[in-house]
Amino acid sequence: MPHVETNGIQMYYEEQGEGDPLILIMGITATGDVWEAHSDFWSEEYRCIKPDNRGVGQSDKPAGDYSSEMMADDYAGLMDALGIEKARVVGVSMGSIIAQQLCLRHPDKVQSAVLMCPWSECDRYATSVFEHMKVCKAHLDNKQFLEWIQLLIFTKPFWDNDEAHEGLVTGRDDFDANPNPQPLHGLKGQAAACVNHNVSDQLGNISAPCLVIGGKDDIFTPLWMGEQVAAGIPNCDSHFYDGAGHAFHWEVMDDFNPRVLDWLKAH
């Protein structure tokens, strides 16, 4: 799949399916192909566009701090390059803050948005998590780093499930074998965007229909963060899963995939 030039970088993306465009925005450290288990389902109805964010994968990884505004402008330029006037958007974690900024900075481009485990500002706990993530990246090998991330985003019942645990171990092996690992400066740039994102006083300006969705047992971006975002956006729908964490979309995939598809079709 090709690259496009947008906002001063080369941005890599993949596509799957046909129909109206659905832009999928991944979270910190992750590449667009991590959407596969969800886009396999959603691509039956939509043209799923799965980019690598700046700082990871096959997109450019400039040094220095990124911002959620900057990364939203990356996506606006991607849409322009692909001739997409308006799209539905799904963003997870860091992808959700990019989606918020896309709604705020480029409202005419967003038909609707699904904000997965979002936040509108970081408190001291969240800031420390992102700062510690940089330290872990600098000092752990690939498998150790991803295992730390997995401990942060999956709940204990998922770890206790034999099949799920096997997937976690396989995921660490695959992550270690990645021929294009994220450099430390790429993670640092993305972490800066996460920490400095603060739109709590702007959420009321979002006009696109939104769905905030997450897990009640999320320790990475706790429930109050999603509830704050949902309360701040006018006429926002929300759903929070019992017993699920930051990676709720994997833990309850059988409900999540069709639930989001139904919401997108209605909005």
| Pairs with Cβ under 7 Å, 6+ apart, first in the stretch 115-144 and touching a residue at least 24 places away in the same chain (Cβ under 8 Å), second assigned to a helix (DSSP H, G or I) and among the acidic types (Asp, Glu) | Asn142/Asp176; Lys143/Asp176
| said: Residues that are at pLDDT 95 or above, in contact with a strand residue (DSSP E or B) (Cβ under 7 Å, 6 or more places away or on another chain), over 21 Å from Met71 (Cβ atoms) and outside any helix (DSSP H, G or I): does the stretch 255-264 have at least one? | reply: no
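Out of all the residues in the stretch 218-246, which are aromatic (Phe, Trp, Tyr) and in a strand (DSSP E or B)?
Correct list: Phe240, Tyr241.
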| query | Just checking, which of Leu78, Leu82, Leu22 is within 14 Å of the chain's Cα centre (by Cα) and in contact (Cβ under 8 Å) with a residue 24 or more places away in the chain? | reply | Leu22
| query | Can you name the condition, by its number, that Gln58 falls short on among (1) in contact with a His (Cβ under 9 Å, 6 or more places away or on another chain); (2) under 24 Å from Pro118 (Cβ atoms); (3) not β-branched (Val, Ile, Thr)? | reply | (2)
| field | Near pairs, Cβ below 7 angstrom, 6+ apart or cross-chain, from the stretch 168-186 (exposed (fewer than 14 other Cβ atoms within 10 Å of the Cβ)) to any residue that is at pLDDT 95 or above and assigned to a helix (DSSP H, G or I) | value | Leu184/Lys137; Leu184/Ala138
| query | Applying the selection to the stretch 240-258, what residues are free of Cβ contacts under 8 Å to residues at least 40 places away in the same chain, out of contact with any helix residue (DSSP H, G or I) (no Cβ under 7 Å at 6 or more places or on another chain) and either small (Gly, Ala, Ser) or under 23 Å from Leu22 (Cβ atoms) (or both)? | reply | Val252, Asp254, Asp255
| task | Can you tell me which residue within the stretch 41-67, out of those that are outside any loop (DSSP other than H, G, I, E, B) and under 17 Å from the mean Cα position of the chain (by Cα), is surrounded by the most Cβ atoms within 10 Å (Cβ to Cβ)? | result | Pro51
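Which of the residues spanning the stretch 90-128 are outside any helix (DSSP H, G or I) and crowded, with 24+ Cβ neighbours inside 10 Å? Step through it out loud before you land on a result.
Keep residues of the stretch 90-128 that are outside any helix (DSSP H, G or I), which gives 90-93, 106, 110-123.
Scanning the stretch 90-128 gives Val90, Gly91, Val92, Ser93, Val110, Ala113, Val114, Leu115, Met116, Cys117, Pro118, Trp119.
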| Gly27 is checked against (1) crowded, with 19+ Cβ neighbours inside 10 Å; (2) farther than 20 Å from Ala247 by Cβ and fails just one. What number does that condition carry? | (2)
| note | Wholly inside the stretch 141-210, helices (runs of 4 or more DSSP H) that include 1 or more residues that are over 20 Å from Cys117 (Cα atoms) and among the polar types (S, T, N, Q) are 142-153, 162-176
| field | Subset tally (residues that are surrounded by 18 or more Cβ atoms within 10 Å (Cβ to Cβ) and more than 18 Å from the chain's Cα centre (by Cα)) for the stretch 237-262 | value | 0
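The values are calculated or read from the model by the stated rules, or taken from the named source; none is laboratory data. All values derive from a computational prediction rather than experimental measurement. Ideal geometry is used to build each Cβ from the backbone, glycine not excepted, and the neighbour counts take in all protein chains shown.
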